[in-house]
Every structure is written in C-alpha cells, then in structure tokens.
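Asker: To start, I am sharing the structure in question, which I have written as structure tokens.
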Amino acid sequence: MTYRNTQGSNIEPGLVTRIATGLRYALTGAAPNDWFGPMQPMAPALNMQQAEEAGVAGRQFDYRTGYNVSIRPRSEEAVGFDQLRALADNFDLLRLVIETRKDQLCALPWSIRVRQDGSHGDARCRKAETFFSMPDREHTWDEWLRMLLEDLFVLDAPTVYVRRTNGGSLYALEPIDGATIKRIIDATGRTPQEGAAYQQVLKGVPVVDYSREELIYKPRNLRTHKVYGYSPVEQVINTVNIALRRQISTLNYFTEGTVPDALAGVPSDWSVQQIREFQDYWDMLLTDDMASRRKLKFVPGEIARNFHEVKQPPLKDMFDEWLARVVCYCFAIDATPFVAQVNRSVAETNREQSLAEGLAPMQQWVKSLIDRLLAQCLDEPDLEFVWQEGDIVSPQVRQQVLSGYVGAKIMHPDEARSQIGLPPLTDAQWAKMYPQDAKKDLRL
C-alpha cells in the first residue's frame, strides 16, 4: 500500500509503519512484536535484471561518477606517481634497498620449459629463451627486468607494450613508463574486456588508447576499493618522509654549521636594535665562510657567561636504526648493515631468511608475468618460465640439503647435480662413486 502526502508525492511505507508503531506504544504501552528489531530493509532501487543491465550487479567498488572523464592518472589518490618517485630517489636508504632487490632478482638463473613434462630440450623453449634474452630488441634481460621492477617497487604500475610487425607477429615487448598510463574502467569498475582498456597521457593530454592485448599492465598489489596498485614505497611513505627530514637535518649540520641550538644572553642595557644588529653580525660570521666556523671568536663577556645550549643534535641514534628496519622489512631485505652489530651466526641466519622469504614473492610475480607473455604474445600457453636455484643460500647449506635429499632417496643424484649445474653421471663415474648394488638401489 502506498501513501501520499498533501502534495501528492509518495511516502515510504516503512516510515508510516514505524510512526504508527511508535504512536501505538506511546498511547497503549503495548510493545511491538519485534522490539527494537532490525526491521525490513529498504527496497533496492533496481531489481536484479535492471542491475545487470546497468552494470551494478557485481560492481567492484563505488567509484566516482564519470571516473573515466578525468585525465591525470591516479588523480583519485592522495599521493601521485611523481611524489612516489621523488621519495624513492631522494631517500638514500630506500634507493639502496630497491637496487639491492633488483640485483638479487636479476642475478638468479632462469629457463623456459614445457609445462606438462618439465623438459627443457624443446626447440620452442630455446626460441623463447632467445627472445627473452633481449625482449625489447634493445635491452638485455637484466636491463629489461630492472626497468619493470623499478615501476613495480615504486609505482606498482609495471607496463609492457606489445609491439607487432605489419604482419601481426610479435616484434618486441617494450617497457612503458607506468606513470603515463591511466586505467579505464567499465560499469562494474573493472578493466574492459574489449575496446579501450588503458590510455596513455602525455603532456597532460590523452594521446592513445590501448586494448588488453596491446598493453600488459601488471600491478602486484591491487585492492578492491582502488583502481591503482599499492607499491612498497607508498606503504612506507610516512616513514620515508620522516627519514628524509632526518637526512636533511643531518646534512644541514655539516652545511649550515655545527653551532648547536642555544640561547645567549646579552647585556641588559642593549636595545632591540642593538640585539638585531649583533644577530646579523653573528649570522654573517657563520655563513660567510665554512672555515670561519672553526675559528676563535671574541664576544662580550656577558654573552659568554649567559650561554645556554638548547640541544645537541645526535648524528645517529636508535631512531635511525628503527627507520632502517621499517624500510628493510617492507622489502624483506636484511637490515644488518644498517643496525648495530649482532652475533655473526644470527646475522647469517637473518640474511638467508630474508633472501628466501623476500625473493619468493618477487620471483612468483616475474613468473606470472612471463607466463602471461608466453601465452598471450608468443602463443605458447604450454610453456612456462621457471627459476633455477641460484645462490640464495650458502654453498654449505645447499650441500647439506642436497646430500640429505639424496641420502633419503627423495632425490636422484643426477637431479641433485642438475641443481648445481653439473651434467648427469657417466657410467664410469657411477662405477667409481657407487657400488653396483647401491647404483641399482638409487635408480629404483
């Protein structure tokens, strides 16, 4: 039943019901059956069919109306791409951590194999490995990967442009500055399956649209309520801001002067003008020449007696170590070089743990990207990118692990040899290293 007011507009039935229930309770004292219950929800504005047609059903998040009309990438975020890059480039410790993580990933060996049987001898595998040795036909694998990792760590917007020949075959996979790419969303808040999916903005103007097949946009840390990724640099943005100001303060200690913050009394009969003139004179002495700050200076006696130091700025303390630990933890990098010396064995354990735990997620991201490129761009969905075991752990630890696997008959000796880059044992080596019975037993 629908009610109308004196102007003829509809009144929500639920409102009338609540008013009637409240009046009945006030007059009779009879409580309603659903005493302060949840009541019935408001009827939705659209039914399911209308919601599906309007793109409301399954909408990822409540984006701003007209989201695609905005031009600047990441315009909805408080921190822009330029700010993230400025933070990463100006804080020395953060830049060292980023470069170290890139060095570690690029140093790991890799190969491409058939997904079903794990074989590496397929001609297609060798062809794919040759292509990825210089994916954009300009930079080597290490250089190409470092460019993508830079945008991954700083912006979480690594982007690859799929350049094809006039005949439609793959020519190169070229990295693009992720800060110039604006995501386009459909009615559900997701990347459109067909048509324009991304726009490249240059000089503040959208210049070209890309489809999902033309541009590979691969952020790692996406969230349901955001369009763009959440990079490690953005995750520690407050820590980096504090550390930058700490770094500038230390720099000023050496550039602006080492005279500590202090209060100095002047003769009581000095006027304000005399104090101002002497302050200007003193500042001139300290800023005129760096060497003059280290020389003896003569001042009136009352000033020398009435000197009170406010604070002595510490050049390094526990707070600096805390900042280093937060940044290193964000990237899963061992913080030992930046903190007080610890036990050597503990330091080695922390280093190996950070390598194993920190590299694994990044290795998985790189594998996911290359597998997608193999399937989508090289038309080889049955091939996969694999990391070969590198020097993540010390040779002694690896020897103990492989020996334990072989001794427990979990791994064949030839498999263990392949892990360290050695060929399978020959018959002569088998005869010399293993008795005949042991050889048979190992090959069961």
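The values are calculated or read from the model by the stated rules, or taken from the named source; none is laboratory data. No experiment lies behind these values; they were computed from the predicted model shown. Cβ placement follows ideal geometry from the backbone for every residue including glycine, while neighbour counts extend to all protein chains displayed.
Asker: Can you list residue pairs whose Cβ atoms sit under 6 Å apart, with the first residue in region 235-248 being farther than 22 Å from residue 220 by Cα and without any contact (Cβ under 8 Å) to a residue 24 or more places away in the chain and the second being of a type in the set (S, T, N, Q) and surrounded by 13 or more Cβ atoms within 10 Å (Cβ to Cβ)? Count only pairs 6 or more apart in sequence or on different chains.
Answerer: Correct list of pairs: empty, since none qualify.
Asker: While we're here: With the checklist (1) over 30 Å from residue 331 (Cβ atoms); (2) out of contact with any Ser or Thr (no Cβ under 9 Å at 6 or more places or on another chain); (3) surrounded by 14 or more Cβ atoms within 10 Å (Cβ to Cβ) in hand, flag the one item residue 62 doesn't pass.
Answerer: With (1) over 30 Å from residue 331 (Cβ atoms); (2) out of contact with any Ser or Thr (no Cβ under 9 Å at 6 or more places or on another chain); (3) surrounded by 14 or more Cβ atoms within 10 Å (Cβ to Cβ) applied to residue 62, the lone miss is (3).
Asker: Hey, another quick one. I need the helices (runs of 4 or more DSSP H) fully contained in region 12-110, keeping only those with at least 1 residues that are in contact with a helix residue (DSSP H, G or I) (Cβ under 9 Å, 6 or more places away or on another chain) and at pLDDT 90 or above.
Answerer: Here the list reads 81-90, 92-106.
Asker: Then there's this: Which one of 205, 240 is at pLDDT 90 or above and either under 14 Å from residue 159 (Cα atoms) or surrounded by 11 or more Cβ atoms within 10 Å (Cβ to Cβ) (or both)?
Answerer: Being at pLDDT 90 or above and either under 14 Å from residue 159 (Cα atoms) or surrounded by 11 or more Cβ atoms within 10 Å (Cβ to Cβ) (or both) holds for just one of 205, 240, which is 240.
Asker: Report those strands (runs of 3 or more DSSP E) wholly inside region 154-261 carrying at least 2 residues which are closer than 30 Å to residue 51 by Cα.
Answerer: Filter on region 154-261 gives 181-183, 198-202, 205-210.
Asker: Return the pairs, sorted by first residue and then second, in which the second residue is acidic (Asp, Glu), the first residue lies in region 139-161 and is under 17 Å from residue 230 (Cβ atoms), the beta carbons are less than 6 Å apart, and the residues are 6+ apart or on different chains.
Answerer: What qualifies is 157/151; 158/151.
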